[in-house]
Each structure stands twice: as C-alpha cells, then as structure tokens.
1. Assuming Arg69 fulfils every condition listed in (1) surrounded by 12 or more Cβ atoms within 10 Å (Cβ to Cβ); (2) over 14 Å from the mean Cα position of the chain (by Cα); (3) farther than 18 Å from Leu99 by Cβ apart from one, which condition is it?
2. Pick from Glu83, Glu109, Glu101: which is among the acidic types (Asp, Glu), surrounded by fewer than 13 Cβ atoms within 10 Å (Cβ to Cβ), out of contact with any Ser or Thr (no Cβ under 6 Å at 6 or more places or on another chain) and modelled with pLDDT of 95 or more?
3. Where in segment 1-116 are the helices (runs of 4 or more DSSP H), entirely inside, with at least 2 residues that are acidic (Asp, Glu)?
4. In segment 1-60, which residues are over 22 Å from Ile76 (Cα atoms) and among the basic types (Lys, Arg)?
5. So Thr64 passes all but one of these: (1) surrounded by fewer than 15 Cβ atoms within 10 Å (Cβ to Cβ); (2) in contact (Cβ under 8 Å) with a residue 40 or more places away in the chain; (3) hydroxyl-bearing (Ser, Thr, Tyr). Which condition number does it fail?
6. With Met47, Met1, Met32 as the choices, which residue is buried (at least 16 other Cβ atoms within 10 Å of the Cβ) and under 28 Å from Glu127 (Cβ atoms)?
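The values are calculated or read from the model by the stated rules, or taken from the named source; none is laboratory data. Bear in mind that the values here come from a model prediction, so they are computed numbers and not experimental data. Neighbour counts are summed over all protein chains in view; Cβ atoms, including those assigned to glycine, are modelled from backbone coordinates with ideal geometry.
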Amino acid sequence: MNFLPTLRNLVSAYQAFEHYSAPHIKSLGLTMTQFDVIATLGNQLPMSCKQLGEKTLVTKGTLTGVLERLEAKGFISRQANAEDARSQLIGLTSAGQALFEKVFPEHLEYLNDAFKNLAPDELQQLEQSLKLLKNIFKQPS
C-alpha cells in the first residue's frame with residue numbers, strides 16, 4: 001500500500017486549497033458551491049441540471065438547493081428544454097452574469113497570488129500529475 005502517502009497528500013492539498021479559497025469566496029458573498037455554479041454557468045449557454053452537475057463539483061442533492069437559492073436571489077433562471085421535456089435549462093440572468101463578471105476575475109486574481117510562486121514548468125508538471133491521477137480513477141474497474 002505504497003499509495004497511502006500520495007493519497008494523504010492529495011487530501012491535504014485539497015483541504016489546504018479549500019482553506020485558502022473559501023474565505024475569499026465568502027467575502028464575495030457566496031458559498032463555495034454557489035461560486036462553482038456561477039463560475040460554470042458564466043459566459044455559457046444554458047445547460048441542463050445533469051450537464052451542470054457533471055461540470056461542477058456539486059452533488060445532485062446539493063445542487064437542487066443551491067439552484068433554488070440562486071434563483072431566489074435572481075442570479076439564475078430556468079427554462080423548458082426544447083430537446084428534452086423532462087429537464088430544464090439553467091442559465092445566468094443578467095444579474096447573475098454581472099455577478100460572474102465581478103467575482104470570477106477577482107477570485108482568479110486572488111488564486112494567482114498563490115500560484116505565482118510556481119515556475120511554469122512546475123505548474124505543467126502538477127497539471128500532468130493531476131490528470132494522471134484523475135485518469136486512474138476514471139478507468140473502469
């Protein structure tokens with residue numbers, strides 16, 4: 001079981017990222033999940049709930065409540081899906097797009113302060129290692 005140190009470092013890295021990122025997102029008036037949804041829908045055509053769930057880190061059960069709260073705040077809208085009557089398309093309203101245009105670049109700049117300490121080759125190496133790890137878990141069992 002020589003993968004345990006790798007697993008421990010993966011979990012620790014994610015926790016450290018969340019500890020770094022979450023307070024800034026909260027200062028923008030959003031939760032991590034709300035930010036994830038707003039960032040995913042920004043500058044995109046409306047998408048189904050299933051597509052949104054696949055593109056975010058949000059589970060289906062959590063997504064429903066997040067969408068209801070974002071809709072109540074006027075940031076997203078739902079419309080009938082002409083291609084599939086069983087689903088709805090979810091997109092940003094003009095207020096939601098304005099929110100995206102404010103918070104997304106602001107948060108990227110905040111994250112840049114951490115990532116700027118890595119050399120370009122280190123960033124590329126990390127990206128390749130993370131892709132490798134992701135692909136390990138995507139393989140059929």
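1. Here Arg69 meets the rest and fails (3).
2. Numbers: Glu83 fails: modelled with pLDDT of 95 or more; Glu101 fails: surrounded by fewer than 13 Cβ atoms within 10 Å (Cβ to Cβ).
Going through Glu83, Glu109, Glu101 in turn, the sole match is Glu109.
3. Details: elements: 4-27, 32-41, 49-55, 60-72, 94-115.
Once the helices (runs of 4 or more DSSP H) in segment 1-116 are filtered for at least 2 residues that are acidic (Asp, Glu), what remains is 60-72, 94-115.
4. Passing the criteria: only Arg8.
5. (2)
6. Working: Met1 fails: buried (at least 16 other Cβ atoms within 10 Å of the Cβ); Met32 fails: buried (at least 16 other Cβ atoms within 10 Å of the Cβ).
None of the others qualify; the one that does is Met47.
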